1. Could you give every pair whose Cβ atoms fall below 7 Å, whose first residue belongs to the range 109-121 and is under 14 Å from Leu42 (Cα atoms), and whose second residue is modelled with pLDDT under 90 and surrounded by 14 or more Cβ atoms within 10 Å (Cβ to Cβ), counting only separations of at least 6 or pairs across chains?
2. Which residues, counting only those in the range 3-44, are over 15 Å from the mean Cα position of the chain (by Cα) and either modelled with pLDDT of 95 or more or not hydroxyl-bearing (Ser, Thr, Tyr) (or both)?
3. What is the residue count in the range 17-58 for residues that are assigned to a strand (DSSP E or B), in contact with a Ser or Thr (Cβ under 6 Å, 6 or more places away or on another chain) and either of a type in the set (Asp, Glu) or surrounded by 15 or more Cβ atoms within 10 Å (Cβ to Cβ) (or both)?
4. Go over the candidates Thr92, Thr101 one by one and state the one that is of a type in the set (S, T, N, Q), part of a loop (DSSP other than H, G, I, E, B) and exposed (fewer than 12 other Cβ atoms within 10 Å of the Cβ).
5. Quick one: Thr68 ticks every box in (1) closer than 14 Å to Arg126 by Cβ; (2) surrounded by fewer than 16 Cβ atoms within 10 Å (Cβ to Cβ) except a single one, so which number is it?
6. Looking at Val64, Val46, Val18 in this structure, which one is in contact with a Cys (Cβ under 8 Å, 6 or more places away or on another chain) and not hydroxyl-bearing (Ser, Thr, Tyr)?
7. When you scan the range 60-70, do you find a residue that is farther than 14 Å from Ile132 by Cα and part of a strand (DSSP E or B), even just one?
8. Between Leu73, Leu106, which is closer than 27 Å to Met1 by Cα, touching a helix residue (DSSP H, G or I) at 6+ places or on another chain (Cβ under 6 Å) and modelled with pLDDT of 95 or more?
Amino acid sequence: MTKAELDEFLAAERTCRVATISPAGPHNTPLWFAWDGNSLWLTSIVKSQRWADLQRDPRVAVIVDAGTDYAELRGVEIAGTVTVVGDAPRPTDAAEHPELTEPERLFAEKYTGGTFINDGRHGWLRVTPGKITSWDFRKSFEPGTGGASRRG
């Protein structure tokens with residue numbers, strides 16, 4: 001995907017899968033997210049296995065994908081590190097935090113009708129990408145691209 005395609009895809013898709021490293025091995029969970037064009041933002045319950053894993057080891061891999069048929073598959077993998085931003089958990093009466101203004105706005109527009117509400121159980125995690133990998137199988141199946149055709 002181009003940068004513009006990647007940004008559009010991450011703005012539109014709603015669920016990611018977050019892979020962390022727990023003492024027992026890999027741990028993978030779905031979450032909602034916001035993408036600001038540079039970083040992926042996750043809001044996570046601070047009393048979760050995922051949160052505990054990331055406090056012990058900030059390395060993370062996140063997958064966002066879409067498509068049903070093989071020729072429609074597309075997605076993004078972001079491998080990077082996590083940083084806690086703001087209070088954890090973020091209090092229900094939290095004052096505005098300059099670094100969280102944009103992620104909270106993006107999250108609210110995407111999921112909650114424009115209003116972000118702190119519930120006192122979640123904290124913000126910023127994923128700083130070390131490597132971004134993307135794929136879009138639809139490009140391989142476009143007419144005239146030389147890609148294979150799929151027969152049902």
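The values are calculated or read from the model by the stated rules, or taken from the named source; none is laboratory data. Just so we're clear, the structure is a prediction, and the values are computed from it rather than from any experiment. All Cβ positions, glycine included, derive from the backbone under ideal geometry; neighbour counts span all protein chains shown.
1. Asn118/Arg90; Asn118/Ala94; Arg121/Pro89
2. Step one: of the range 3-44, the residues over 15 Å from the mean Cα position of the chain (by Cα) are 3-5, 21-27.
Lys3, Ala4, Glu5, Ile21, Pro23, Ala24, Gly25, Pro26, His27, listed by residue number.
3. Going through the range 17-58, the residues assigned to a strand (DSSP E or B) turn out to be 17-22, 25-31, 33-35, 40-45.
Going one step further and asking which of them are in contact with a Ser or Thr (Cβ under 6 Å, 6 or more places away or on another chain), we end up with 18, 27, 30.
The next check asks that each one be either of a type in the set (Asp, Glu) or surrounded by 15 or more Cβ atoms within 10 Å (Cβ to Cβ) (or both); those that pass are 18, 27.
The qualifying residues number 2.
4. Values: Thr101 fails: part of a loop (DSSP other than H, G, I, E, B).
One residue alone meets the criteria, Thr92.
5. All conditions are met except number (1).
6. Values: Val46 fails: in contact with a Cys (Cβ under 8 Å, 6 or more places away or on another chain); Val18 fails: in contact with a Cys (Cβ under 8 Å, 6 or more places away or on another chain).
Only one candidate qualifies: Val64.
7. yes
8. Values: Leu106 fails: touching a helix residue (DSSP H, G or I) at 6+ places or on another chain (Cβ under 6 Å).
Answer to the selection: Leu73.
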